[in-house]
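Presented below is the structure to which this report refers.
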Amino acid sequence: MPKIHLSTFIQAPRAKVWDVMLSDATYRDWTNAFNPGSYYKGNWEEGSKMLFLGPDPTGASKGEGGMVSRIRKNKLHEFVSIEHLGMVMNGVEDTTSDEVKKWAGAHENYTFTDKDGGTELVVDMDISESEKVMMEEMWKKALVRLKELAES
């Protein structure tokens, strides 16, 4: 599976970058780059289920859509690994369809490292070839906003 690998330097301590990236209010802000209205249900504890949700940007569905995921690893202020397990469509979770099976098990990892008095944030993500360019562009915008929030 193809991968996205992006990094950004943020002039703020790891703990602040972590909090801005993963706290509910600021998560809703920086993830607007992917889908305005995005949010999550769940928590970032290792092993916990997470739903990453938002309105259907295509307008094709009448309810929330998004991803069913699990937090595979959480090392406070250092590393988070998310395993994507399925989709949510019209509020219904799908972890068994043929479409989901094509990419289930994909990971999205965030690494926070001290660097030059700030934090280097690295995002690594498994992605389908057909979505790679689009997701890279969205991530670039999201990281710019995350940086603004963390440095303010």
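All of the numbers you see were taken from the coordinates with simple rules; none came from a lab. It should be emphasised that the depicted structure is a prediction, and the values quoted were computed from it without experimental measurement. Note: ideal-geometry Cβ built from the backbone for every residue, glycine included; neighbour counts use all protein chains shown.
State to the nearest 20 debye the size of the charge dipole of segment 1-140 about its Cα centre, where the only charges are +1 on K and R beta carbons and -1 on D and E beta carbons.
Details: 16 positive and 23 negative charges, 38 e Å.
Magnitude of the dipole: close to 180 debye.
So which GluC sites (Glu not before Pro) in segment 25-123 end up in coil per DSSP with only 15 or fewer other C-beta atoms within 10 Å? Walk me through the intermediate numbers first.
Numbers: sites: Glu45, Glu46, Glu64, Glu78, Glu83, Glu93, Glu99, Glu108, Glu120; in loops: Glu45, Glu46, Glu78.
Here the GluC sites (Glu not before Pro) that fit, given the DSSP loop and packing criteria, are Glu45, Glu46, Glu78.
Over segment 1-139, what is the mean sequence separation of C-alpha contacts under 8 Å (at least six apart), divided by residue count, expressed as relative contact order in percent?
Values: 293 pairs, mean separation 39.8, N = 139.
Relative CO of segment 1-139 lands at 29 percent.
In terms of Cα to Cα distance under 25 Å, which lysines are near enough to Lys147, apart from those fewer than 8 places away along the same chain?
Lys3, Lys16, Lys41, Lys73, Lys75, Lys115, Lys132
With N set to the number of residues, divide the alpha-carbon radius of gyration of segment 1-61 by 2.2 N^0.38 Å and report two decimals. Show your work: numbers first, answer last.
Details: Rg = 13.8 Å, N = 61, 2.2 N^0.38 = 10.5 Å.
Working it through for segment 1-61, the quotient is 1.32.
Can you compute the charge dipole magnitude of segment 67-152 about its Cα centre, using +1 on each Lys and Arg Cβ and -1 on each Asp and Glu Cβ, nothing else charged? Give it in debye, rounded to the nearest 20. Mind dumping the intermediate values first?
Details: 12 positive and 18 negative charges, 34 e Å.
I would put it at about 160 debye.
Exposed loop trypsin sites (Lys or Arg not before Pro) only (DSSP loop, at most 15 other Cβ atoms within 10 Å): please give the longest stretch of the chain free of them, not including the sites.
Formally, the longest exposed-site-free interval is 1-61.
Please compute the volume of the convex hull spanned by the alpha-carbon atoms of segment 79-120 and report it per residue in Å³.
Working: hull volume 3.5 nm³, N = 42.
Each residue corresponds to 82 Å³ of Cα convex hull volume.
Could you give the Stokes-Einstein D for the chain in µm² per second, using the C-alpha Kirkwood radius, 25 °C, 0.890 mPa s?
Roughly 155 µm²/s, to the nearest whole number.
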